[in-house]
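Student: First the structure, then my questions, so here it is.
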């Protein structure tokens, strides 16, 4: 089921399937737990894609998406893919945009992007089917 959601979200937002899968694995290990531990800044991450709670006001205002909606794995993955697309619109189709999914500082963005690139390089070939 998760793979179908990943493929659908990747297709909807024009991402390679391995990129979305790598973010799911980095953020949650593929376990779609409702709520992750509280971050140092008081926010928390939700579901498969680790959607940070700081997105909730904008998601609710703009799309009517609440935390309850993010508990659905497919909705969560689609919102995460939208956040990636949002970052690409801001930073260009770069690793900087990928790093911005998780971090606000340059050094942390570089580290996060490297982790995602490493995960993408180790994704089994069968999951690359349909990737752009």
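The values are calculated or read from the model by the stated rules, or taken from the named source; none is laboratory data. Worth saying up front: this structure is predicted, and the values here are computed from it rather than measured. All Cβ positions, even for glycine, are placed from backbone atoms using ideal geometry, and neighbour counts span all protein chains on display.
Student: Of all residues in the stretch 71-107, which are in a helix (DSSP H, G or I) and at pLDDT below 95?
Tutor: 106
Student: Here's another thing I want to ask about it. Please count how many residues of the stretch 44-70 are loosely packed, with under 13 Cβ neighbours inside 10 Å and either modelled with pLDDT under 95 or outside any helix (DSSP H, G or I) (or both).
Tutor: Counting residues in the stretch 44-70 that are loosely packed, with under 13 Cβ neighbours inside 10 Å and either modelled with pLDDT under 95 or outside any helix (DSSP H, G or I) (or both) gives 2.
Student: Cβ-Cβ under 7 Å, sequence separation 6+ or interchain: first residue in the stretch 71-83 and surrounded by fewer than 24 Cβ atoms within 10 Å (Cβ to Cβ), partner assigned to a helix (DSSP H, G or I) and at pLDDT below 95. Which pairs?
Tutor: Pairs that qualify, where the first residue is surrounded by fewer than 24 Cβ atoms within 10 Å (Cβ to Cβ) and the partner is assigned to a helix (DSSP H, G or I) and at pLDDT below 95, are 73/2.
Student: If you don't mind, another one. Looking at (1) touching a helix residue (DSSP H, G or I) at 6+ places or on another chain (Cβ under 8 Å); (2) on the phi > 0 side of the Ramachandran plot, find the lone condition where residue 29 falls short.
Tutor: Looking at each condition in turn, residue 29 falls short on (1).
Student: Out of all the residues in the stretch 1-42, which are assigned to a loop (DSSP other than H, G, I, E, B) and modelled with pLDDT of 95 or more?
Tutor: 14, 15, 16
Student: Would you pick out the residues in the stretch 108-129 that are surrounded by 12 or more Cβ atoms within 10 Å (Cβ to Cβ) and either touching a strand residue (DSSP E or B) at 6+ places or on another chain (Cβ under 7 Å) or modelled with pLDDT of 95 or more (or both)?
Tutor: Across the stretch 108-129, the qualifying residues are 108, 109, 110, 111, 112, 113, 114, 115, 116, 117, 119, 120.
Student: Filter the stretch 85-101 down to residues that are closer than 20 Å to residue 60 by Cα and touching a helix residue (DSSP H, G or I) at 6+ places or on another chain (Cβ under 7 Å) and give me whichever is surrounded by the fewest Cβ atoms within 10 Å (Cβ to Cβ).
Tutor: Filtering the stretch 85-101 for residues that are closer than 20 Å to residue 60 by Cα and touching a helix residue (DSSP H, G or I) at 6+ places or on another chain (Cβ under 7 Å), the one surrounded by the fewest Cβ atoms within 10 Å (Cβ to Cβ) comes out as 85.
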